[in-house]
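**Student:** I am attaching a structure below and will ask some questions about it afterwards.
FYI, it's all coordinate maths here, none of it is from the lab. None of the values given here were measured: they were computed from a predicted structure. Glycine gets a Cβ as well: all are built from the backbone with ideal geometry, and neighbour counts include every protein chain shown.
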């Protein structure tokens, strides 16, 4: 039963991946993921809290399953370097999260802010890969999300 449940989670994640190749993440609905997988919404919610949790799972799955690919891809330099591609896609994901949360008010430009966090995430990914993926992909995702979601001021405030 557990193996079947894990497979369903992977099927839902794969449907999200396919949909993300067709349209921007922010335009994808839970219903579309379910329709693509051939399940009802309740099945989705048995595995994920929302589409962001599904995206987080996909990131962990891809990093873990394709660590060798990412190690080599980050070595691609030049006009069409992988760093730029990674930053573009990570930046879009971060912008989508900020858009959903309505967090654009303030002193920072949305493009600069999303690029800042995308660079931070890329650094964390490279370090995780360089160190030999000593944390599981899920642990790494939780760790990096914690670092990205808690600002330096929050960290200093907790320690001081």
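**Student:** Test of understanding: ordering 94, 30 by Cβ neighbours within 10 Å, fewest first, what list do you get? Could the numbers behind the result be given before it?
**Tutor:** Details: 94 20, 30 16.
Fewest-to-most ranking of 94, 30: 30, 94.
**Student:** Give me the angle, in degrees from 0 to 90, between the Cα long axis of helix 110-130 and the longest principal axis of the Cα atoms of the chain, rounded to the nearest 10.
**Tutor:** So the inclination is approximately 80 degrees.
**Student:** Using Cβ counts within 10 Å as a stand-in for footprinting exposure, how do 140, 82 rank, fewest first?
**Tutor:** Lowest count first: 82, 140.
**Student:** Have a look at 13, 73, 118 and tell me which one the Gaussian network model of the chain (Cα, springs below 10 Å) gives the largest fluctuation.
**Tutor:** Comparing 13, 73, 118 in the GNM, the peak value goes to 73.
**Student:** Suppose the chain between residue 108 and residue 6 were pulled fully straight at 0.36 nm per residue; how much longer would it get relative to their current alpha carbon spacing? Before the final figure, lay out each step's value.
**Tutor:** Values: separation 102, 0.36 × 102 = 36.72 nm, distance 4.06 nm.
32.7 nm is the gain from fully extending residue 108 to residue 6.
**Student:** Which residue fluctuates most in the GNM of the chain (Cα springs below 10 Å): 142, 78, 91?
**Tutor:** Fluctuation is largest for 78.
**Student:** How high is the relative contact order of the chain, in percent, with contacts defined as C-alpha pairs under 8 Å that are six or more residues apart?
**Tutor:** Numbers: 94 pairs, mean separation 32.6, N = 160.
Relative contact order here is 20 percent.
**Student:** Next question, about the same structure. Quick one: order 36, 131, 41 by neighbouring beta-carbon count within 10 Å, fewest to most. Could the numbers behind the result be given before it?
**Tutor:** Numbers: 36 17, 131 9, 41 13.
Ordered from fewest to most neighbouring Cβ atoms within 10 Å, 36, 131, 41 come out as 131, 41, 36.
**Student:** Classify segment 12-86: rounded, prolate or oblate, from the alpha-carbon gyration tensor (a ≥ b ≥ c, eigenvalue square roots; a/c under 1.5 rounded; otherwise prolate if a/b is larger than b/c)? All intermediate terms of the calculation are to be shown ahead of the outcome.
**Tutor:** Working: a/c = 3.14, a/b = 2.09, b/c = 1.50.
Prolate.
**Student:** Just checking my list [x] 1.82; [y] 1.11; [z] 1.00 against Cα Rg over 2.2 N^0.38 Å computed from this structure; which label fits?
**Tutor:** Computed from the coordinates, Cα Rg over 2.2 N^0.38 Å corresponds to [y].
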